[in-house]
Structure formats: structure tokens, C-alpha cells
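Engineer: This structure is in C-alpha cells; I'll ask about it shortly.
The values are calculated or read from the model by the stated rules, or taken from the named source; none is laboratory data. Because the structure is predicted, anything quoted here is derived from the model rather than measured. Every residue, glycine among them, receives a Cβ derived from its backbone with ideal geometry; neighbour counts consider all protein chains shown. When the accessible area is computed, the model is the full protein with side chains, heavy atoms only, and any ligands, DNA or RNA have been set aside. Shrake-Rupley method; radii C 1.70, N 1.55, O 1.52, S 1.80 Å.
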Amino acid sequence: MSQDIQSKIEQLTAELNTYNYQYYVLANSVISDYDFDQKLKELEALESAYPEYRDANSPTLKVGGDITSKFNTVQHRWPMLSLSNTYSEQELIEFDERVQKSIGHAVQYVCELKFDGLSISLTYEKGKLVQAVTRGDGVQGDDVTNNVRTIRSIPHQLRSKAAYPDLFEIRGEIFMHKSAFLRLNNEREENGESTYANPRNFASGTIKLQDSSEVAKRPLDCFLYFLYMDNRNRVFQSHWDSLNAVQSWGFPVSDHSKLCATIQDVLDFVHYWDTARHQLTFDIDGIVIKVNDYAYQEELGFTAKSPRWATSYKFKAERAETRLNTVSYQVGRTGAVTPVANLAPVLLAGTTVRRASLHNANEIERLDLHQNDTVYVEKGGEIIPKIVGVNLEKRMPGATPIQYPDSCPECGAGLVRQEGEAVHYCPNEDHCEPQIIGKLQHFIGRKMMDIQGLGDETIVSFYKQGFLSHISDIYTLKDKQDLLVNIERFGQKSIDNMIAGIEQSKNKPFEKVLFALGIRHVGETVAKKLAFHFKSLLHLKQASIDEIAAVQDIGIRIAESVYHYLQQPEHLSELNKLEAAGLNFEVTEKVVELAGNSLEGKTFLISGVFATHSREDLTALIESHGGKMLSSISSKLNYLVAGDKMGPSKLVKAEKLKVPIISDEQLLQMINQ
Ligand code: IVH
């Protein structure tokens, strides 16, 4: 019996690891998400009943969950060296000349992208991932194995057929895709959390988190580019061979590497990627050039710091010098105070830069900014301009340091900074103008109450004229129509539209209302989790901090924020008014009223943007005609409804699985037939 269970666990582990490899490395869906989850659940249940048979690399651990109180320091078996680098093509030519002089003739080079993330060294024993260590000082680094195990593209177990050695180390770069960076940073901003300056900082901040379940929520990816093993030179003749081999063992290896016969080929590769890099989904900061043949690598050897057989060419981050005029402090909807540098306009990477974010007080301190300093500006991660340094030679004598304010620049309230947080907050959340306006604008937003006919500018104008100061005032606007018509450019038609939009918003479900309230740290996902767990505002109001924190994925910081929000009489009176106005404060089971059955038994997935319909509208339309929505592309999917800007990977996947791709027009035709 126990033999059977053990082999069932082994079989499920192997099967799920294969699916993960197919999906995350080869971008191939061979099983539906649902079936995958079922198998995962089956394995989880078996493992919890028979923990002795759980594999240390079980796919059930991929979602994370271990809290590491501190990372152990681990000595690297082979030191993690860095690379010499250059920004000059002439120096690349000189590198080639040095190599040719030592070896006596021309050699092949492997050109690779220089991924802009953090380097990692993975140890595999008998095909199993046993350790993941950061670079640290090159001699020893942090053991971050639990966190690295949450990265889907890194195999926990290599496929048994692959001919890998018993013990090897493989090195590569962990990074975050630009889209994930933007999405998560926006979410952090919405939740009033500090943001990261670029994907690299986000990735390295993530890998150092103590809680691996938090790491699992931040999608990281990895490319491997270097193999170490005993007798490597006897097994492989060259770096290129080893890259092909490790790819066949199941590792994610970039397809953009190239074998080059001459330095001219290398320079062509560099030129190509200097522009093409902007089309990549991740950041690179240069090109790595490696002598291909292991025998020649050995002959060339190392300096104290780096190999003589490799170098890197770094792309010039476009940089400009300009004057810092002033620093202003913006107060956001949640009260977070962000310093912004106002600069003398300067042209940088094709756009005129006038402002740069300074993130927080630490950043001002780090740069040691003084009034009227001449500063260097770069496009950080090609997205947000940032100040990278000060030209001290041009500092005015007697210039005073920039001082972060003690009080809110908008309302004068004393600023607070919570322990361990970089951000200062204005605590006067209900009486500080930008917070009031920001909260009203947040409430009407598309992903919140989605109030049609009421826009951000109208909110400002209504606030300034005294029609709005609390969210609940929105629902009294219909009684003030006589006064509203007097407002310039706001005719009866606009008023009718707005009133209709406000009325419509009363149908929004509880989770949207909870998100729309703008409680600090309560973003879209948190609001959903709280709504579905507590089912009603009444239950949420009755919950203690511990009870709120006990909800899956809700940390103590969020719990405290929600609890304190619901303790304040001013908020409770607001909530009462909103409830009286008819907003939903309970989870309602979704009952889809069928308008027809033309799509019965068919499954759909919507992707991209559409000119005439929102995705929500299309979903409602499909469901009301008997169709079912799926959340990913699998062999169970009948139709992919594609709009503009659909991701290329979705297209490839759908084509591979021969899922018909239809437009919104074609969907409507199917419904009408
Ligand atoms: S090879 C001994 N290949 O760049 C050679 N490094 O400045 C070891 N990096 O620490 C490195 N992409 O974090 C290599 N394709 C690539 C790389 C790469 C990014 C990083 C890596 C390394 C740093 C060296």
C-alpha cells in the first residue's frame, strides 16, 4: 500500500514537473490549467498525508510558502567572477587583437545578451536543484534556494532522459519582464507602497524577501548562460556546445546568442541589439562576448577579477546634464508624499525631460542633492527618467542641501514614516485636498465603480465648487442638478449621462466597492480576497486584526490598515451613507440571466483590446448566451476572441493548439446566427 502511494507521488511529481517545463520553458500548453491544478491538488493531498515521501523539489513547493528568517551564507564552489567591460567599439577590437596574439590565430566568439538582473548560481545533484546562491562578494553569497524554487522557468528536477552529470553548477541571471515590472509597480503605487526604479531593483529586492510566498507572487524569469562541472573540457569542446547541452537538459537558455567567426560579426551583433533591445520584453544593458573554445579559454586564463577570454560591451545609457530648479512634493491619493525634481528642460533619448522622480527621502540623501545643483539624468530601465548623480564641480558655493519637509506641503499636517518604510505619509487623509480629490477620482475609476459621464476633471471642478468632498456626495449629485447646470460647459445632456452613470454604479459588486473606497494597501486583489472571505461589510467590520490577517495572502500591514479604517467614526458614517444610497456591501452570487443559448457548450478566451467593446462587455455577452470563459489557452479552448495588441505568445500558443482565432465581429455573428 505505502509502496503504491510512494510511486503515485513520484509519478505525479515527474508528470507535473514535465508540464511546468513544457509551459514555462517551451511555452507549450499541453494540459489545461484546470487539469494541472487538479493533479497538483491530488499531489498536495498525498504529500500532506505522507510527508515522508514528499520530494524536496516537489512542484507543490513552486508556489512558495517557506519563511526564511535569514539567509545562510554559502561559499561558491567556483568563484563568481565578473566581466571586464567597455563602452567603446575600439576596445572590443583591441580585445580581439589581444586574444589573437595569445592564441596565434583568429578564434570563434559566442555573443550573448547581457541580461540586466541579478546573477545566480544553481547547484544540481543527480538532476535535482539542491541550492541557489546569489553572487554576494563573488566568493560567498546568500542561499536563496526557497525563493528561487518559486521561479517557474527554473527546473526543480531535470528530465530523466537528459544526459547531465551527477553534480554541476549552472549560472545565469534572474530578471523581471518589463510588463510585470510596470504592472506590479502600478499596483504598489495604488496601494500606497514604495515603487522600484527599474526591473532589476524589483528582481533583486524580490529574491531577498524573507517570505517565499510573496516571491511567488512577483513573476521572475531566468536565463542560464554558464556551466561549471568537473572535467567539463573533456565532455564539451566549447561554450557553445555546453549551451546547447544545458538547453536540452531543460534549462531556459536565450535563443538570441550567436556564434561569431570574426570581430566584425561581433560588432554587427552589437549594432543590431543596440536598437533591437528596445523590442525585448526584458532589459539588457549590453552584450557579453566569450571565446568559444574551452581549450583557448584555458590558455587565456584569468586576471585577479575577471576572465581574459570574455568581456562585455555596455550600451550607453542615454544621459544628459541639466540644472535642478526646484524639488516639489506630490501628495498622492493614499497620502504618500513623493519628491519630484523640476529640471531645466533637456533632450534625452528623443524626448524633452522636465521632471524626474526622486522616489523618497532616502534618495535625496543618497544623492546629497543641493539647491540648484547640476545633475545627470538617465532614462532608468528606458522608462522613467532618473537623477543618477550630481556634477560637484558645478555646485554653487554655499548651496544649501535639499531638505525633506516635516509637514505636508498641501495641508500642513506633520508627516509620518512607518518603521521599515521608505515613504513619508500625510496622515490627514480626510481633510488634505489632493487626498480627497485623489480618493474621489479613484472611486470613479474604470477598475473600481467605473462611473460613466464623470471624469477626473469634473471631480476637481465639483470639489472646488463645493459640490463634492466625500465619496457619498457623488450619490447626492442628482439632487443638485439645478446648481450643476450653471457650470460652464456642463449642459443638461452631460448631467443626464452622469446621473445615469452614477445610478449604474450601484450595481457594482461588493469587491469593487471595497476596492473603490481607497483604503491604504487595499488594491484590487486584496479587495477581492477580503470580500470573498468576509462576504459582507458587516462581517469585515466585526473582524479583529488577527482575523483579517488570517485571510490567505493578507499580511499584518494590510490587516492593520483595514481595521483602523473601519474604526474611524467618519468612515463609518460615510459607509452608512453609501449603503443607504444602495451600493452593494455584500457578496452577491452571480446569476447570469440567459439571453440566448447560441454559444452553449462553447469555451472562450478574450485577449487584446477592442475598438467598440470593453472586455467586460464581451464576457457578459458570451456568458449571457450560454458560453463559458476560460482563463488560459489550452486544448479545451474552442475560440480565442482576439483584439488589438494581443501578446505574440498567445497567438503562437493558439496557433499551435489549432484554436480558432476570431474577432469581436465574428463573435457577434455567432451570437446572432
Ligand atoms: S558570464 C565568468 N553571461 O554580467 C563569466 N554574465 O559583469 C561570468 N551577465 O555577474 C559571467 N548576462 O550577472 C555572463 N550572458 C551573460 C550575462 C552575464 C548578464 C551579468 C552577470 C555577471 C555580470 C558581469
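Engineer: Ignoring ligands and nucleic acids, what accessible area does Glu616 show with a 1.4 Å probe (Å², nearest 10)?
Structural biologist: 120 Å²
Engineer: So for region 147-223, Kirkwood radius off the Cα pairs, Stokes-Einstein at 10 °C and 1.306 mPa s: how many µm² s⁻¹?
Structural biologist: The Stokes-Einstein estimate is 114 µm²/s.
Engineer: Next up: On C-alpha positions alone, give me the angle between the axis of helix 33-49 and the longest principal axis of the chain, in degrees, nearest 10.
Structural biologist: 80 degrees
Engineer: Now for a separate question. Helix 615-624: angle to the longest alpha-carbon principal axis of the chain, degrees 0 to 90, nearest 10?
Structural biologist: 80 degrees
Engineer: A further question on this structure: Please determine, in degrees from 0 to 90 and to the nearest 10, the orientation of helix 492-505 with respect to the longest principal axis defined by the Cα atoms of the chain, where the helix direction is its Cα long axis.
Structural biologist: The helix 492-505 is inclined about 70 degrees to the chain.
Engineer: So what's the net charge close to Phe226: Lys and Arg +1, Asp and Glu -1, counting the other residues with Cβ under 11 Å from its Cβ? Mind dumping the intermediate values first?
Structural biologist: Values: positive: Arg171, Arg232, Lys290; negative: Glu112, Glu169, Glu173.
It works out to a net charge of 0.
Engineer: Expressed in nm², what is the orientationally averaged projection area of the convex hull enclosing the Cα positions of the chain?
Structural biologist: 36.3 nm²
Engineer: Net charge near Lys658: determine it from the other residues with C-beta under 15 Å of the C-beta of Lys658, scoring Lys and Arg +1 and Asp and Glu -1.
Structural biologist: +3
Engineer: Here's a follow-up. Keeping all protein chains in the complex and leaving out DNA, RNA and ligands, what accessible area do you get for Glu94 with a 1.4 Å probe, in Å² to the nearest 10?
Structural biologist: Here the residue's solvent-accessible area equals roughly 70 Å².
Engineer: At 7 Å along Cα-to-Cβ for each site, give me the label-to-label distance between Glu560 and Asn72 in nm.
Structural biologist: 3.2 nm
Engineer: For region 421-483 and region 509-546, compute the distance between their C-alpha centroids and round to whole Å.
Structural biologist: So the two Cα centres are separated by 20 Å.
Engineer: Quote the Stokes-Einstein diffusion coefficient, in whole µm² s⁻¹, for region 548-631, based on the Kirkwood radius over alpha carbon pairs, a temperature of 25 °C and a viscosity of 0.890 mPa s.
Structural biologist: Details: Rh = 16.7 Å.
Calculated translational D: 147 µm²/s.
Engineer: Taking region 291-385 as the region of interest, what is the percent of Cα-Cα pairs per 5 angstrom bin, listed from the shortest bin to the one with the maximum distance?
Structural biologist: 3, 11, 17, 16, 12, 8, 7, 7, 8, 7, 4, 2, 0
Engineer: If you roll a 1.4 Å probe over the heavy atoms of the protein chains, what accessible area per residue do you get for the chain, in Å²?
Structural biologist: Accessible area per residue: 49 Å².
Engineer: From zero outward in steps of 5 Å, how is the percent of C-alpha pairs of region 79-174 spread across the bins?
Structural biologist: Percent of Cα pairs in each bin: 2, 10, 17, 17, 15, 14, 10, 10, 5, 0.
Engineer: Kindly state, as a whole number, the per residue volume in cubic angstrom of the convex hull around the alpha carbon atoms of region 339-432.
Structural biologist: 130 Å³
Engineer: Could you check the simple spin-label distance between Lys161 and Lys41, using points 7 Å along Cα→Cβ, in nm with one decimal?
Structural biologist: Once both label points are built, they end up 3.2 nm from each other.
Engineer: OK, next. Which value, in Å² rounded to 10, gives the accessible area of Val526 with a 1.4 Å probe and all protein chains present?
Structural biologist: In the full protein context, Val526 sits at about 20 Å².
Engineer: Pairs of Cα atoms under 8 Å, at least six residues apart: use those to get the relative contact order of the chain, whole percent.
Structural biologist: Values: 1166 pairs, mean separation 69.9, N = 673.
Worked out over the chain, it gives 10 percent.
Engineer: Add +1 for every Lys or Arg and -1 for every Asp or Glu among the other residues with Cβ under 11 Å from the Cβ of Ala56, and state the total.
Structural biologist: Net charge in that neighbourhood comes out at +1.
Engineer: Okay, next question. Round to the nearest 0.05 the FRET efficiency obtained for Val346 and Glu421 when R0 = 35 Å and r is the Cβ-Cβ distance.
Structural biologist: Computed FRET efficiency for Val346 and Glu421: 0.65.
Engineer: Follow-up question, since we're still on this one. What's the percent breakdown of Cα-Cα distances in region 388-497 across 5 Å bins, shortest bin first?
Structural biologist: 2, 9, 16, 15, 13, 10, 10, 8, 7, 5, 4, 2, 0
Engineer: Give the Kirkwood hydrodynamic radius (Å, one decimal) of region 171-302, defined as one over the mean of 1/r across all pairs of different Cα atoms.
Structural biologist: Final number for the Kirkwood radius of region 171-302 is 17.3 Å.
Engineer: Let me know the shape class of region 487-633, please: from the alpha-carbon gyration tensor, a ≥ b ≥ c as square roots of the eigenvalues, rounded when a/c is under 1.5, otherwise prolate if a/b is greater than b/c, or oblate.
Structural biologist: It is oblate, given that a/c is not under 1.5 and a/b is not larger than b/c.
Engineer: Lysine pairs in region 365-512 with Cα distance under 24 Å, only those 8 or more apart or on different chains: how many are there?
Structural biologist: Lysine pair count for region 365-512: 25.
Engineer: While we're on this one: Quick one: if you stick a label point 7 Å off each Cα along the C-beta vector at Ser48 and Arg366, how many nm between them?
Structural biologist: Taking the simple label geometry, Ser48 and Arg366 are separated by 4.1 nm.
Engineer: Could you give the length gained by full extension between Glu524 and Glu600, i.e. 0.36 nm per residue of separation minus their alpha carbon distance, to one decimal place?
Structural biologist: Contour length minus the Cα-Cα distance gives 24.3 nm.
Engineer: Restricting attention to the chain, give the cysteines that have no other cysteine Cβ less than 4.7 angstrom from their Cβ.
Structural biologist: Among the cysteines of the chain, those whose Cβ sits 4.7 Å or more from every other are Cys111, Cys222, Cys260.
Engineer: To continue, here is another question. Hey, got the dipole for the chain? About the Cα centre, +1 on K and R Cβ, -1 on D and E Cβ, debye to the nearest 20?
Structural biologist: Numbers: 73 positive and 89 negative charges, 141 e Å.
About 680 debye.
Engineer: Sticking with this structure for a sec: Under a 1.4 angstrom probe, counting protein chains only, how are Trp78, Trp249 ranked by accessible area, largest first?
Structural biologist: Trp78, Trp249
Engineer: Within region 399-517, what whole-number % of the accessible surface is contributed by carbon and sulfur, with the 1.4 Å probe and all protein chains included in the calculation?
Structural biologist: Carbon plus sulfur share of accessible area: 45 percent.
Engineer: To continue, here is another question. Full-extension gain between Ala620 and Glu125, please, as 0.36 nm times their residue separation minus the C-alpha to C-alpha distance.
Structural biologist: Going from the current span to full extension adds 173.1 nm.
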